[in-house]
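So the structure is just underneath, and the comments pick up after that.
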Amino acid sequence: MVARTDGFYARDYSLWLGWNNMRYIIDAAFIQARMLNRTLILPSFVYARACEYSLDVCADFADMVNRGDAMNDDQWREMPYEDQMGYRIPLPIMLNVTAMRAVHPVILVSDYLRYHGLPADIESGRGQWDRSAYHTHAPVDGSASGPPDLFVVQNGWYDPTGISRVDVLPEDMKARGGWTPSALTENGTGGQWEEREEDDVAQQLRAQFELFNQLDWDRAVQTLRLTSAAEKYALDKDDEATAALWASGWEVLHTFKGVHNSDLSKAVIEPTRDVAQRSQIRAWKDDYSQIKARVLLLEGETHNGRKAGAMRFTTTDALKNFQRDVLYHLQPTQPLQDLALELANRMAAKVEGRLWMGAHMRRGDFVGLDWVTSSSPAGHMMTVKRHLITGQRMLEDMHGEPQMYDIPDVQINTDLQTRPAPQTNDPFYVATDERDPDALKLFREQGAILLPDLLSMTDRRLFGWPIMLTDVRAIVEQELLSHSAFFTGTHISSVSGGILNMRAAHGADRRSIAMD
C-alpha cells in the first residue's frame, strides 16, 4: 500500500477537539494526501469525552485518562474530576478506515511506528507529529537504509492573511497569469506569478476582498458594475463577468456556503463561488508535490476559520471529488450505520409508518457560552417544536420531485414520495447532550424520543462496549437523524454540520431543515 505512493503525509492533529471537528480535519487531510500522492497518516486513537454510565464502567473497557495530563493541556484543570477524565479509543471505532483505503492509502501512527521498528507507546497523546522520536529508525522491510527524512510545511506558509490556498493551478490559469514554477521559495511557494500593475477594477476588487479576507461571486459582480468593466462586459452573463475578472488579474474559485454564513459546521452540500486575486493564489499541489522527503508534515492547526477542505478548488470537478470523499468515502463504521438504520425503522414504527422528524439540541457547554436559543430546557424545546411545526407543514405541502442538494451521485430518498406526512401529535427524535433528569423528563413530556427509548439490550450486546461512550452514541444519533424527513439544529454546532452532510448523502430534500 505505502509503496504505491510518494511517501507519507503527516499532520499535527488537534486531538483536544471533539470528534466532529477532528472529522473535518481528517476530511481535509485526506484530500491533501491524495493530491500529493502520499500515504495519509492518521492518529491511532481519539478521545471520547464521557461515559453514559459511571466513569469506572467504561474504564473497564477503554483506557481512561486525565485529558489534561494526556494532552498536556490545562483547559480542563479547574473542572470537576469527572469532567477532566476521558477515554482513549481506537480511531477505527469512529471511522471506517478500511473504506478509506479502498480510495487512497491510509495508515495509523501505530502502523507507521511498527513499520519503523518503534514502540507504539511513544505516540503523542496530543496528536502532534514527533519530529525527533518518529525519525530514529529505518523501515523494517529494508526499503531504506536510514530513518525517514522530514519536510515541514510551516504553518505560516499555508494561508497567511490575503493568500487564497487552493488545490491545484490549472494550465489555463497559469497561462493567464504567467506562472513560472521554481524550487521552493523562502515563503513556501513553488513558483511565482508575473508581476502586473493593478487597474481600477483590480483595486476595487481588492478593497472589497480586504474587508473580510474573502470575496464571494455576487459581491464581486456588484463591484465590477461600479468600475470600467461595466462598459466592456455584459456582467449579467457569467462568462462575461468571468472574463472581466480574468482581464484584471482575478480568478473564480469554488467552495461551499457556510450555514448562516458561518463555517463552524463545515457542510459540503451547498457549492458556491468566491473570487481571488491571481497573484495571491497558492496551490497545494504545485507548491509541495516537488518535495522528495519521505515524510511531509503540515505544521500546526489549519482548521479554525477555514472552509471545508481547508482550501478552495479551482474547478468544479475537483470540488465534486472532494464532496464524494466527504459524503461517501469517509464513513462511520458499518456497525454504527446498521444500528442507526435499525433505530430509524423503530422511529418509523412509533409514528405508524409516517415520515418522522428530528432535532439536535446542543446543551452542555453551549448553555454556559450563551450559544443556545434559550438557556432553559423549556425555552429551547419551544424553539425546536416551532421548527417542527414548520417542518410538518412543509412535508404536507411538498409535491412533485424532491429538491436534492447539489452533490454528485445522490439518489432520491423515496420515502419522501411514498410515506404520509407527520401528524400533529407524532413523537419526534431528539439527540441531545443534556443530562439533567428533570430536563430529559420535560423533553419526553413534550413528545421527544431519546436514544435510550430506542436502544434495546440486544443492541447493546451486539454492538458491545463502545456504545457506552457518549461520542460513539453521538455518531449513531447523527446517522439516525440523517434518515429523518425533517431536521432542526444549530448552525454553530459541528455535530449538526455532520448531520447535514449525512442527510444530503441519503437523498434528503434541501428544504427539509431549519437551522438556528
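Here are the numbers for this structure:
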| item | result |
| --- | --- |
| Sequence-distant residues sharing a close amide H with Lys257 (under 5 Å, placed H) | Glu270, Thr272 |
| Listed residue pairs exceeding 32 Å between alpha carbons, taken from Lys292/Lys320; Lys257/Lys350; Lys307/Lys441; Lys232/Lys285; Lys232/Lys266; Lys174/Lys237 | Lys257/Lys350; Lys307/Lys441; Lys232/Lys285; Lys232/Lys266 |
| Global geometry of segment 169-287, whether rounded, prolate or oblate, following the gyration tensor of its Cα atoms and the 1.5 cut on a/c | oblate |
| Cα shape, segment 406-516, gyration tensor, a/c 1.5 rule | prolate |
| For a label point 7 Å along the Cα-to-beta-carbon line of Ala3, residues of segment 117-143 with backbone N under 19 Å | 117, 138-143 |
| Distance (nanometres) between label positions extended 7 Å along Cα→Cβ at Glu82 and His399 | 5.4 nm |
| Tensor-based shape of the chain (alpha-carbon gyration tensor, a/c under 1.5 rounded, otherwise prolate or oblate) | oblate |
| Gap separating the Cα centres of segment 440-484 and segment 40-116, nearest whole Å | 21 Å |
| For the chain, share of DSSP beta bridges that run antiparallel, in % to the nearest 5 | 45 percent |
| Label-point separation, Asp338 to Glu210 (7 Å along Cα→Cβ), nm | 5.9 nm |
| Part-to-part distance (alpha-carbon centres) for segment 132-200 and segment 493-513, which is given in Å | 34 Å |
| Cut-off under 5 Å, modelled amide H: who pairs with Leu108 long-range | Leu42 |
| GluC sites (Glu not before Pro), loop per DSSP, at most 10 other Cβ atoms within 10 Å - longest free stretch of the chain | 353-516 |
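Computed from the coordinates by the stated procedures, all read-outs in this text should not be read as laboratory data. Quick caveat: nothing in here was measured; it's all calculated off a predicted structure. So basically every Cβ, Gly included, is an ideal-geometry build from the backbone, and we count neighbours across all protein chains shown.
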